[in-house]
Amino acid sequence: MNHLTSIDECRDSKDSKDRLLKNQESSIHSKSMIKMQHFVQIYMNSAARMMHPISAYVCILFSDRALGCMLKALYMKKNNCMFSPSYFSLQDIIQLTGQNSIPDLDKVMFIHTLNFVVGCNDASIFQHMDALQLQKLLNRVDDVLIHLSGRVVSNPSELYRSIF
């Protein structure tokens, strides 16, 4: 009977360790998503500071990085993992931004197009942008981030805050 008791104690100990490990993983996972949200906010605050036609490329680069961090946070939440791919395909973006398996193609194409344009590394594309066009672009990025942020975190204090 003592033998059975010690086996039961080992099982209880193992179950306890497994629960502790899962809680630690969940905590690290949650912190990773919060960290990504923090990066989103930093990038967008930086983009807002660069919202001048002279620095349009840098402004758009920061906003693209903010969208990338948000996609990473969505990926980590959806797949319950701590790491995400460095690049998201069009299909990935469709899956990450859609709700109830209904893709939001407007958001998908906006994110993917912005990422493509920034990836061209040709700042001359943005030379003729005026301040109003740049503000409209950042407003759109801001709207997308506000929408997606609510799907990543549940605590209102950790949500993305609009730059406008």
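Touching a residue at least 60 places away in the same chain (Cβ under 8 Å), assigned to a helix (DSSP H, G or I) and closer than 19 Å to R49 by Cα: does that describe L145? Yes; evaluated as a whole, the condition is true for this residue. Scanning for something free of Cβ contacts under 8 Å to residues at least 12 places away in the same chain and within 19 Å of M33 (Cα to Cα), does the range 117-135 turn up at least one residue? No, the range 117-135 contains no residue that is free of Cβ contacts under 8 Å to residues at least 12 places away in the same chain and within 19 Å of M33 (Cα to Cα). Taken together, the residues in the range 37-79 that are in a helix (DSSP H, G or I), more than 15 Å from the chain's Cα centre (by Cα), closer than 22 Å to T113 by Cβ and of a type in the set (A, V, I, L, M) amount to 6. Q37 satisfies every condition listed in (1) modelled with pLDDT of 95 or more; (2) touching an Asp or Glu at 6+ places or on another chain (Cβ under 8 Å) except (1). Of the listed requirements (1) touching a His at 6+ places or on another chain (Cβ under 8 Å); (2) among the charged types (D, E, K, R); (3) at pLDDT below 90, K107 misses just one: (3). When the range 106-132 is filtered for residues that are surrounded by fewer than 13 Cβ atoms within 10 Å (Cβ to Cβ), in a helix (DSSP H, G or I) and not hydrophobic (A, V, I, L, M, F, W, C), the ones remaining, listed by number, are D106, T113, G119, S124.
The values are calculated or read from the model by the stated rules, or taken from the named source; none is laboratory data. Quantities reported herein were computed from a predicted structural model and do not represent experimental measurements. Reconstructed Cβ throughout: ideal geometry from the backbone, glycine too, with neighbour counts over all protein chains shown.
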